[in-house]
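See structure below.
The values are calculated or read from the model by the stated rules, or taken from the named source; none is laboratory data. These numbers were taken from a predicted model, which means no experiment stands behind them. Using ideal geometry, Cβ is built from the backbone for each residue, glycine included, and neighbour counts are taken over all protein chains shown. Surface areas here come from the heavy atoms of the whole protein model, side chains and all, with no ligands, DNA or RNA. Shrake-Rupley method; radii C 1.70, N 1.55, O 1.52, S 1.80 Å.
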Amino acid sequence: MEEQAVVIALVGVLGIGAQWVAWRTGWPAIVLMLIAGFLAGPILGIIDPHHAFGEMLEPMISIGVALILFEGGLSLDFRELRRTGGAVWRLVVFGVPVAWVAGSLACYYIAGLVWPVAILFAGILVVTGPTVVLPLLRQSSVAQRPAAILKWEAIVNDPFGAMCAVLAYEYFRASADGATLFDVVPALVFASLAAAVLGYAAAWAIAWSFPRGLVPEYLKAPVLLVVVVGLFVISNLIQQETGLVAVTLMGVALANMNVDSLRDIHPFKQNIAVILVSGIFILLSAQLDYDTLRLLEWQFTLFLLAILFLVRPATVLISLAFSKVPWNERIFLAWIAPRGIVAVAISGLFALRLSDLGYDDGTILISLSFAVCVATIVAHGFTMAPVARWLGVTGSTTPGLLLVGATPWSISLARELADLEVPVTLADTSWWRLSRARQQGLDTYHGEILAEATEHSLDLTQYQVLVAATENEAYNALVCNEFAPEIGRDAVYQLGEASHHDDPRALPPSIRGRSLFESGVGMEDMHQRQAQGWEFRKTRLSDQFGFDRARDALPDDADFVLVLKKDGKLRFFTHASRPTPGPGDVIISYSPPVDPVTEKVHAKREKRAKAQAKAEQANAPQPALTNENGEKNGPESPSGEEPSPA
């Protein structure tokens, strides 16, 4: 018991730690998790999953995979299919058979597997795991259509890959007794349909009971998890691996039934998915051993190259032939196909069963599936973003700002940022208010930002910051609270006076964004400033002209708004946080209007400050020069030339 607790704690630390390092560095999280698990398992011997969990390891991983697929299914909305140009159904109807046939040929002629094992393993390789694709898409700025195609394919094809493997295994098992393919296929199709019906029935029961108050709020998430696990187990009792069909269909059905109660559960199920992905990848990579890896031979390298450069491109290009998908997106999709947990877990399950049927090559499936998993994750994880940029299938290369509310203040701020080449979108429900922004060439979104349809017409991944700048402080708080889980609690800001804990009339900080400006300007003060003609100013900092001097050059009652860092990141000044600008950064301030005489005074003050900074730098002690013998020749001249001898 103590060993199991230690292993669980280590798996959590390594998995979440790898995710955090990936967030800080931009490296693929899946690659870091594989490395962490491999170091903790076969190299250092700190974690031994088989010894710690024994026979419980396989069902633990299987249930984890089921929950991950269900969570992925909840993210699939049929409205996304309109933007895919029919690519998803083509990759299912045509892509699965093409990938199965091409993979079987590669397994037999290149990897050297016997036909039964080659056909079964090729069926497993049909999948492109959502446990890998979704984190990679989260870290890469891929355009909406190819991202939607990859997401749908990864989630929908997982059950199909499992069914291909089950079909191959059941046929080879039954063929020993003289059964034919026609004896096996109907039973498997019936079992899959039964699992699909169970999945839809479970989704309908949840969608009917939750809105009617039959389940209290605090039990909705636990009930949903229990139903998913129970559905997975019951479906697998009907036919092994049909549980993946049931949970995936349940998730997709719930996602398209418009159940309002599920919106509050989304953050919880996303957190569960992150924990499960981290834990499962650590456990799977930690259970490798050197004896398994020694089974890999030189021809398997050629097999991996064939999977990357022959099988996947043939699958996509044949499936999407004569489709509306542009060629650059087809080539991108033909390259990206990482395998993940499902492929490894199913391979480990059928490796034992094939060995029992007398196929010696079954023992190689575990190591070969890991090799395919690692090769595809590394190859696609490190190249997804560069290939997307090269093919021109990226979203906005520089994440920008989403401004909610087309007011004179927000339009002026958007104009300043647009001049600095920062992507800005102004969102408002009024076409008339947006017309002033459109006249200035600004990007706009007409619609209610809180509407559910916005999720499918506005790609939030292209924004690093959201600012709610309407004239209604409560609405600003509602917008910030709604988008905080998506964009980040520390990246949503709003206009409105900073709340005070001792003021019973103020909105609590937990349901509002961070108040803009160091002084936390209220709405009435902002209206007065706008009426007085306050305006934005841009100041670029340098080594000579730093932040302190920039502050001194501004009017005393001016407010700093934000800092545009050299790397394109935006940092706002609030009542609670004050970024530290550096050389090369641009500061945008909000200042009162000044008369021409005062303007000249401030210009002279700024010019004097810059001149003083240059003089101080010129008079700073310079390093002494030395001759060949190491003797000092004297200080270096301002021009950089050696001083002439006396």
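Answer yes if at least one residue in region 310-319 is touching a Cys at 6+ places or on another chain (Cβ under 8 Å) and either open to solvent by 30 Å² or more (accessible area, probe 1.4 Å) or under 22 Å from Ala162 (Cβ atoms) (or both), and no otherwise. No; the residues of region 310-319 include none that is touching a Cys at 6+ places or on another chain (Cβ under 8 Å) and either open to solvent by 30 Å² or more (accessible area, probe 1.4 Å) or under 22 Å from Ala162 (Cβ atoms) (or both). Can you find a residue that is without any contact (Cβ under 8 Å) to a residue 60 or more places away in the chain and either open to solvent by less than 60 Å² (accessible area, probe 1.4 Å) or touching a Pro at 6+ places or on another chain (Cβ under 6 Å) (or both) anywhere in region 239-248? Yes, region 239-248 contains at least one residue that is without any contact (Cβ under 8 Å) to a residue 60 or more places away in the chain and either open to solvent by less than 60 Å² (accessible area, probe 1.4 Å) or touching a Pro at 6+ places or on another chain (Cβ under 6 Å) (or both).
Quick one: would you say Val101 is touching a Gly at 6+ places or on another chain (Cβ under 6 Å) and either part of a loop (DSSP other than H, G, I, E, B) or free of Cβ contacts under 8 Å to residues at least 60 places away in the same chain (or both)? No, not satisfied. Assessment of region 251-270 against the conditions (in a loop (DSSP other than H, G, I, E, B) and among the polar types (S, T, N, Q)) yields at least one matching residue.
Within region 127-158, the set of residues being open to solvent by less than 10 Å² (accessible area, probe 1.4 Å) and under 19 Å from Leu188 (Cα atoms) comprises Val127, Asn157, Asp158. For region 55-67, which residues satisfy the criterion of being of a type in the set (Val, Ile, Thr) and either open to solvent by less than 10 Å² (accessible area, probe 1.4 Å) or farther than 13 Å from Gly230 by Cα (or both)? Residues satisfying the conditions are Ile61, Val65.
Counting just the residues of region 439-458 that are assigned to a helix (DSSP H, G or I) and open to solvent by 50 Å² or more (accessible area, probe 1.4 Å), which one comes out modelled with the highest pLDDT? Within region 439-458, the match that is modelled with the highest pLDDT is Gln439.
Applying the criterion of being part of a helix (DSSP H, G or I) and open to solvent by 30 Å² or more (accessible area, probe 1.4 Å) to the residues of region 392-427, the residue that is nearest to Met526 (Cα to Cα) is Pro408. Scoring Pro135 on the criteria (1) more than 21 Å from Asn236 (Cα to Cα); (2) touching a Leu at 6+ places or on another chain (Cβ under 8 Å) leaves a single failure, condition (2). Out of Phe70, Phe94, one residue alone is in contact with a Ser or Thr (Cβ under 8 Å, 6 or more places away or on another chain), among the hydrophobic types (A, V, I, L, M, F, W, C) and open to solvent by 60 Å² or more (accessible area, probe 1.4 Å). It is Phe94.
Listed conditions (1) at pLDDT 75 or above; (2) closer than 28 Å to Ala143 by Cβ; (3) in a helix (DSSP H, G or I) are all met by Leu368, apart from (2).
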